[in-house]
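Rule-based calculations on the coordinates, nothing more; no lab input. All values reported here derive from a predicted model rather than from experimental measurement. Positions of Cβ are generated from backbone atoms using ideal geometry, with glycine treated the same way; all protein chains shown enter the neighbour counts.
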Amino acid sequence: QVQLVESGGGLVQPGGSLRLSCAASGSLFSINTMGWYRQAPGKQRELVAASTSGGSINYVDSVKGRFTISRDNAKNTVTLQMNSLKPEDTAVYYCNVRSGPFNFWGQGTQVTVSS
């Protein structure tokens with residue numbers, strides 16, 4: 001059994017910052033990729049940022065320069081620092097962990113950017 005526990009969502013004004021955290025626990029083998037996806041109302045879930053075990057980091061173009069992903073392999077945690085938030089960043093954000101052939105998801109945390 002694997003659990004992903006997310007925290008850090010909320011309501012913020014445009015231009016503000018939020019930090020999302022995700023802690024993975026349970027029967028994890030070697031973790032390949034840790035990342036964050038988001039899904040806005042009426043839209044498909046999209047990859048926001050991902051960090052591979054090999055050290056590669058990818059961001060969706062719309063967040064480059066504003067969001068930073070980091071991971072702690074010893075603690076099996078991944079964080080997403082979100083700066084200069086825009087209303088279009090409003091979505092439910094999901095933590096994702098790929099371990100071996102398996103793909104795990106967090107429960108989702110709401111991020112709302114509004115004045």
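Let a ≥ b ≥ c be the square roots of the eigenvalues of the Cα gyration tensor of the range 45-86; is it rounded (a/c under 1.5), or, if not, prolate (a/b larger than b/c) or oblate? Walk me through the numbers before you get to the answer.
Working: a/c = 2.26, a/b = 1.64, b/c = 1.38.
Here the range 45-86 falls in the prolate category.
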From the Cα gyration tensor of the range 51-115, with a ≥ b ≥ c the square roots of its eigenvalues, which class applies: rounded if a/c is under 1.5, or else prolate if a/b is larger than b/c, or else oblate? prolate
Short version: ³J(HN,Hα) in whole Hz for each residue of the range 14-28, in order, from phi by Karplus 6.51 cos²θ - 1.76 cosθ + 1.60 (θ = phi - 60°), x for Gly and Pro, what are they? x, x, x, 10, 9, 10, 9, 10, 9, 10, 9, 9, x, 7, 9
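Hey, can you rank 90-97, 28-35, 1-8 by average C-beta count inside 10 Å, highest first? Don't skip to the end; give the middle numbers.
Numbers: 90-97: 21.1, 28-35: 17.2, 1-8: 14.6.
Packing order, densest peptide first, comes out as 90-97, 28-35, 1-8.
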Proximal lysines relative to LYS86, as straight alpha-carbon distance under 18 Å, when same-chain residues fewer than 8 apart are discounted: LYS43, LYS64
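Given 0.36 nm per residue, what is the gain on full extension from LYS75 to PHE29 after removing their alpha carbon distance, in nm? Walk me through the numbers before you get to the answer.
Values: separation 46, 0.36 × 46 = 16.56 nm, distance 1.33 nm.
Full extension from LYS75 to PHE29 adds 15.2 nm.
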